[in-house]
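Visitor: Here it is: the structure, laid out below.
The values are calculated or read from the model by the stated rules, or taken from the named source; none is laboratory data. Keep in mind that what you see is a predicted model, and the values were worked out from it rather than measured. Quick reminder, even Gly has a Cβ in these numbers, built from the backbone with ideal geometry, and neighbours come from all protein chains shown. The area values use the complete protein model at the heavy-atom level, side chains included, leaving out ligands, DNA and RNA. Shrake-Rupley method; radii C 1.70, N 1.55, O 1.52, S 1.80 Å.
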Amino acid sequence: MSNDIAADELIDEAPEGAARLAAECQAPASALEAEDEAAYAARPLPYVAPAALLEGLARLWGYPKNGNFVSAELARMRQDVGLREYEDALHGLEDAFCAYEKSTETVVGAHLSQLDYTRLFIGSFKMYAPPYASYYLDGADQIFGPTAVAVEDLYALFGLEIKSDEHDMPDHIRYLLVFMAILARAFERTGSRDMALAYEDFKQEFLDSWGAAFSERVHTYTEYAFYPALVDFTLASV
């Protein structure tokens, strides 16, 4: 299977050398370098979200291809026996998505969710809630700043690259979730403590560090319920 990272073609192969991958993971490199072996060994086993949940969330953070795309993905996730504990939350997301259908706002030639996504995360004139880690972490509202380069280098370290037909930057939230899904899948298959710690380190450095600021912008700049509900669920569940 290809080692391309894409929200619509996720990797399900466990990366080789779990201990090496965790040791070389650059997230956060400074913290790992500062720890001695005893401190590293004393770290408790962290929570790792189900890979299937992370894969589904990554798809939901992509551009909604049509009005049925999001509904179909949420239905698929609800039917996954491994995600039963999230069923109520997924029902809530479905209800929030249905609010688009009840809106009096109209848009010609597109679904209202596409318009909302574009307003928030792409922007014709202004991107109101950039879904990129660099924007929040690198100062001066940068896009494709040092954080994006660090993430891209980390993907390469793991032998991964973004598909050539994908056009988002490597620190887009959906690619971060895809990478976390790779680590989670490897942990599920191997039980590797190192892989679980790599997951936690990556999440803290490249998602938790800007998630609250991103969430605030999503809540502020849309009148619809779906993407605020999605960002809340994402940050709470992963």
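Visitor: Give all pairs with beta carbons closer than 9 Å in which a residue from the stretch 186-208 that is more than 13 Å from Y47 (Cβ to Cβ) meets a residue that is surrounded by fewer than 19 Cβ atoms within 10 Å (Cβ to Cβ) and modelled with pLDDT of 95 or more; count only pairs at least 6 apart in sequence or on separate chains.
Guide: Listed pairs, sorted by first residue: L207/L235.
Residues are listed down the side, and each one gets a yes or a no for (1) of a type in the set (D, E, K, R); (2) open to solvent by 10 Å² or more (accessible area, probe 1.4 Å):
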residue: R193; (1), (2): yes, yes
residue: L197; (1), (2): no, no
residue: E200; (1), (2): yes, yes
residue: W210; (1), (2): no, no
residue: A213; (1), (2): no, yes
residue: V218; (1), (2): no, no
residue: A225; (1), (2): no, yes
residue: L235; (1), (2): no, yes
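Visitor: Another one. Does M169 satisfy the criteria of being of a type outside the set (G, A, S), under 18 Å from A148 (Cα atoms) and more than 12 Å from the chain's Cα centre (by Cα)?
Guide: Working: of a type outside the set (G, A, S): yes; under 18 Å from A148 (Cα atoms): yes; more than 12 Å from the chain's Cα centre (by Cα): yes.
Yes.
Visitor: Follow-up question, since we're still on this one. Every residue in the stretch 204-236 that is charged (D, E, K, R) and either in a helix (DSSP H, G or I) or within 19 Å of A133 (Cβ to Cβ) (or both), please. Don't jump to the end; show me each part of the working.
Guide: The initial filter retains those residues of the stretch 204-236 that are charged (D, E, K, R), namely 205, 208, 216-217, 223, 232.
Across the stretch 204-236, the qualifying residues are E205, D208, E216, R217, D232.
Visitor: Kindly indicate whether I182 is within 19 Å of L60 (Cβ to Cβ), in contact with a helix residue (DSSP H, G or I) (Cβ under 7 Å, 6 or more places away or on another chain) and of a type in the set (V, I, T).
Guide: Values: within 19 Å of L60 (Cβ to Cβ): yes; in contact with a helix residue (DSSP H, G or I) (Cβ under 7 Å, 6 or more places away or on another chain): no; of a type in the set (V, I, T): yes.
The answer is no for I182.
Visitor: Return yes when Y47 is modelled with pLDDT of 50 or more and either basic (K, R) or within 17 Å of I182 (Cα to Cα) (or both) and no when it is not.
Guide: Details: modelled with pLDDT of 50 or more: yes; either basic (K, R) or within 17 Å of I182 (Cα to Cα) (or both): yes.
Yes.
Visitor: Could you list, in sequence order, the residues of the stretch 43-61 that are farther than 13 Å from A196 by Cβ and charged (D, E, K, R)?
Guide: Once the filter is applied, which keeps residues that are farther than 13 Å from A196 by Cβ and charged (D, E, K, R), the stretch 43-61 yields E55, R59.
Visitor: For the stretch 142-203, please list each of the helices (runs of 4 or more DSSP H) lying entirely inside it that holds at least 2 residues being over 20 Å from Y132 (Cα atoms) and among the charged types (D, E, K, R).
Guide: On the way: elements: 146-157, 173-190, 193-203.
By residue number, 173-190, 193-203.
Visitor: So, one more: Which residues, counting only those in the stretch 128-142, are at pLDDT 85 or above and not polar (S, T, N, Q)?
Guide: Let us first name the residues in the stretch 128-142 that are at pLDDT 85 or above, namely 128-138.
If the condition is that a residue be at pLDDT 85 or above and not polar (S, T, N, Q), then Y128, A129, P130, P131, Y132, A133, Y135, Y136, L137, D138 are the ones that fit.
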